[in-house]
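Reviewing the structure listed below.
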Amino acid sequence: MVAFRARSKWRRGWRRLQSDAGSADGLSSSEAFQVYRDLIITRLCSPEWPLPSPPRRFSFLREGFDETQPVFVLAPMVLQSERAFRLLVQRYGVTLTFSPMLLARNVLLKRNEDQMDPYVLELLRPCADDTPVIAQLAGSDPLEMLAAAQRLWDGGQIAGVDINLGCPQQCAKAGNYGAYLAEREPETAAIMVRLISQELGVPVSCKLRNMYDVDTTTRLARRLAGAGASMLTVHGRSPRERDHQSLSDLDVIRAVREAVPVPVVANGNCRTREDAERAMEYTGCDGFMSAIGLLRNPRLFGASGAARPAASPAADATAPAVPGHESALSASGTLVDPEEAFSCAWEYLRLAEAHPPPEVRCVRDHLQALLQGLLQQERVALWNLLGSSQMVLLRQFSEFLRLSAVECGVALPEGERLVPVLSLGEIKSLHRREINGQEDEEDDSWGMLFLEGNEME
């Protein structure tokens, strides 16, 4: 129904534009669609055609928003910005979160809850504490993006929709979305913004990258803002810089901030809160978005300052071009304080119990990010167990944390001290015992949830 309503609006528009495009007689439906799509794109991207109505602002920028305070943002991350982690970082200074990237076609694919993409289902299930959250969509078809945005906006509690124009991965290249859509078809990106903003009245943001030079990036930013984007996030690395070691070009971000009249959020190279604050001061941006930094330290933006990461000598060679950033950006960002790392891990696991993540890999990836500095080099057996395919139950991760804490000399939380600590072999065998029905019903339901969970593309 959602897709039908969206397409009906376009069909009415096509009929109104037939006189300009000429008769569609003799054309197949796909050819006629292409004719009218190209015409509409030409019209909507014309600077002589102003927006019919002002773009809708995000509610958090309008209601009770303190413009004197920095906005710290959790980046959209596949498998890793699920609800449990969003709730965790919101306890420590993060004021805005993004959902994992959702492919538009997956949003529209299923209607029954038992067949729906689990990440879409999570967004559609209400949670009073999980707000404000922006749903990030990726795709190359404006119609699919419009229909997907409508479904999420009508059925969930999202604050707005973000269009992914920054993903540099090969899957984005093959699907012609993310940074590759922005590079190949910037006019299509603009039409997506225009459609969602004007047809649905939904606040729209765009996450983009440094498009290799200042002029190209600012030109794209102006086009998106002119099409109705209410906020832009700019990553300072280019699509070719897929590693996390390359430096973010803050001069490009500052140029975008000066070029557009909408709020701009900076992204890239954040290992401490001081990194983010200096980047915002240098660029003039309204907020800062972090991905890897928050994965490794969810308390990164906390008022208490949280734990400081250890320096990484290997990263010292990549000194940034912004004064004052040298020591902060050379840090690895990995937590090495055992008390802090396990405290974050237990807190996340408790939230995951209350808000089951869509896939077991979410839990594994978060614990790997938090405990890497403690386990990867010195406790290889524990590290290998964490990455094992036999870890499929939430109880296994809880038992793993208990064993790892004891091995690292960290006191167990209250309520965990009276229960015997399981060995590596016993933790591995838990999933087989669960599947065979030898454990209690509650744990078995967790196991089946993870074993049957759908995989994101």
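Among the residues of the range 245-258, those identified as surrounded by fewer than 16 Cβ atoms within 10 Å (Cβ to Cβ) and not hydroxyl-bearing (Ser, Thr, Tyr) are 245, 251, 258. For the range 96-174, the strands (runs of 3 or more DSSP E) that sit wholly inside it and include 1 or more residues that are closer than 25 Å to residue 236 by Cβ and touching a Phe, Trp or Tyr at 6+ places or on another chain (Cβ under 6 Å) are 133-138, 160-165. If the condition is being farther than 13 Å from residue 296 by Cα, in contact (Cβ under 8 Å) with a residue 12 or more places away in the chain and part of a helix (DSSP H, G or I), then the range 339-356 contributes 339, 346, 347, 349, 351, 352, 353, 354.
Among the residues of the range 122-152, those that are open to solvent by 20 Å² or more (accessible area, probe 1.4 Å) and hydrophobic (A, V, I, L, M, F, W, C) comprise 124, 128. Of all residues in the range 400-424, those satisfying the criterion of being in a helix (DSSP H, G or I), under 18 Å from residue 343 (Cβ atoms) and without any contact (Cβ under 8 Å) to a residue 60 or more places away in the chain are 400, 401, 402, 403, 406, 407.
Scanning the range 275-291 for residues that are surrounded by fewer than 24 Cβ atoms within 10 Å (Cβ to Cβ) and among the β-branched types (Val, Ile, Thr) turns up nothing. You will find that of 239, 203, 261, the residue that is closer than 15 Å to residue 145 by Cα and modelled with pLDDT under 95 is 203 and no other. Among the residues of the range 162-215, those identified as of a type in the set (S, T, N, Q), out of contact with any Pro (no Cβ under 9 Å at 6 or more places or on another chain) and free of Cβ contacts under 8 Å to residues at least 60 places away in the same chain are 170, 176. Within the range 122-145, being hydrophobic (A, V, I, L, M, F, W, C) and in contact with an Asp or Glu (Cβ under 6 Å, 6 or more places away or on another chain) holds for one residue alone: 134. Of the residues making up the range 79-117, just one is at pLDDT below 90 and either touching a Pro at 6+ places or on another chain (Cβ under 7 Å) or surrounded by 24 or more Cβ atoms within 10 Å (Cβ to Cβ) (or both), namely 79. Of all the listed residues (281, 277), the sole one being more than 19 Å from residue 136 (Cβ to Cβ), assigned by the TED database to the domain that holds residue 186 and touching a residue at least 60 places away in the same chain (Cβ under 8 Å) is 277. Assessment of the range 398-406 against the conditions (surrounded by 22 or more Cβ atoms within 10 Å (Cβ to Cβ), hydroxyl-bearing (Ser, Thr, Tyr) and under 16 Å from residue 295 (Cβ atoms)) yields no matching residue.
The values are calculated or read from the model by the stated rules, or taken from the named source; none is laboratory data. None of these values were measured; they are calculated from a predicted model. Note: ideal-geometry Cβ built from the backbone for every residue, glycine included; neighbour counts use all protein chains shown. Side chains are part of the model used for accessible areas, which takes the heavy atoms of the whole protein and leaves out ligands, DNA and RNA. Shrake-Rupley method; radii C 1.70, N 1.55, O 1.52, S 1.80 Å.
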